[in-house]
1. Name the residue from Q37, V49, L266 whose Cα lies farthest towards the positive end of the charge dipole of the chain, charges +1 on Cβ of Lys and Arg and -1 on Cβ of Asp and Glu.
2. Along the Cα-to-C-beta direction of L118, a point sits 7 Å from the Cα; which residues of region 247-275 have their amide N less than 18 Å from that point?
3. What are the trypsin sites (Lys or Arg not before Pro) within region 122-178 that DSSP puts in a loop, where the Cβ has at most 10 other Cβ atoms within 10 Å?
4. Among S59, T72, A22, whose Cα projects farthest towards the positive end of the dipole of region 3-85, with charges put on the beta-carbon of Lys, Arg (+1) and Asp, Glu (-1)?
5. Pairs of Cα atoms under 8 Å, at least six residues apart: use those to get the relative contact order of the chain, whole percent.
6. Looking at the chain as a GNM with Cα springs under 10 Å, which of N17, N272, N207 has the largest mean-square fluctuation?
7. Please give the peptides 56-65, 30-39 ranked by average Cβ packing (other Cβ atoms within 10 Å per residue), highest first, as a rough proxy for protection.
8. Add -39500 (n - 2.57) for each DSSP H run of 4 or more in the chain, then divide by its residues: what number comes out at 222 nm, to the nearest 500 deg cm²/dmol?
Amino acid sequence: MDLRSLKYFQAVYEKKNLSAAARICYVSQPSISSAIQVLEQTLDTTLFVRHAKGAIPTSDADTLYVMSKEITDREKSIKRYFDNKSVSVPFRLGLMRSLGSQRMSWLLKELDTEIEHLELTLVDPDEPCDARIIDSTDLTRAEDFAPIWTDNYLLAIPKSFDLSANDLIELEDLQKLPFINREPCSALNELRQSLDELDIAYETRANIRTVEYAHSLVSAGVGIALLPDWYEIISQEDIVMKPIRDINVHRTIGLAYKKGKADDMLIQKSINICATIGQNQHKPIYT
């Protein structure tokens, strides 16, 4: 007899239904049924009378419920006692600009879930910190790097623009087109350099700092912009993302940490979390 089986029993007793018990325990109905059968065999009794609409507790189930609640309540009080004694785990994490609100939320949620008693402090990446989420180009010689996301930069075009029908964008197509300018952006700097070499100039319609604002302005039809292929951008129905001929701009975002710290428990867990997130970079974050 184990605590998990007793908790499954309590759920069936309270809900009078195996399916409902399975839902609140976040397990399959066969798992609940199996646990009840094992309990009945162990105690040599019948705990429930099954019928089409649910399960009726027997008198032995009434007795077991009272006794089992004493056991599980005691377990909770023990856990609470030791949880209260637990020391928080401080972690200062530097976060770069234009990481993406959804990606940032996903990362922080995973860190909080996987690292017990985490006390997280978010700072700018140039402030003192235990680790940083940065562009690989900002890595220092004193740091190692664990990649998470690779952002490929494409031209984001409102569907209402004629240019959205083109499979491949030529640099010449950008001449005099309304453009959402974003600073700072190393990817846009590379595009500008190529345009300058051909004496091509777009028309700036807005000057902003974040990818999120640029994305919103493209969706509103204000102009085009060079944006990363984040899931929340490429899945938008009112814009299209198109490659530009001979322009292959990408950046790698990852976890930077001090050299020699890879075996540190906190850093190692963070590296593993980042690796798992990176494997799912183009999947929906919230399902």
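1. Result: V49.
2. 254-258, 262-275
3. Qualifying residues, ordered by number: R141, K176.
4. About the Cα centre, the residue reaching furthest to the positive side is A22.
5. Relative contact order comes out at 20 percent.
6. Checking each option, the largest mean-square fluctuation is seen for N17.
7. Answer by packing, highest mean first, reads 30-39, 56-65.
8. My calculation for the chain gives -13000 deg cm²/dmol from helical runs alone.
Each value in this text was obtained by applying a stated rule to the coordinates, not by laboratory testing. Computed from a predicted structure; not experimentally measured. Neighbour counts run over all protein chains shown; Cβ positions are idealised from the backbone, glycine included.
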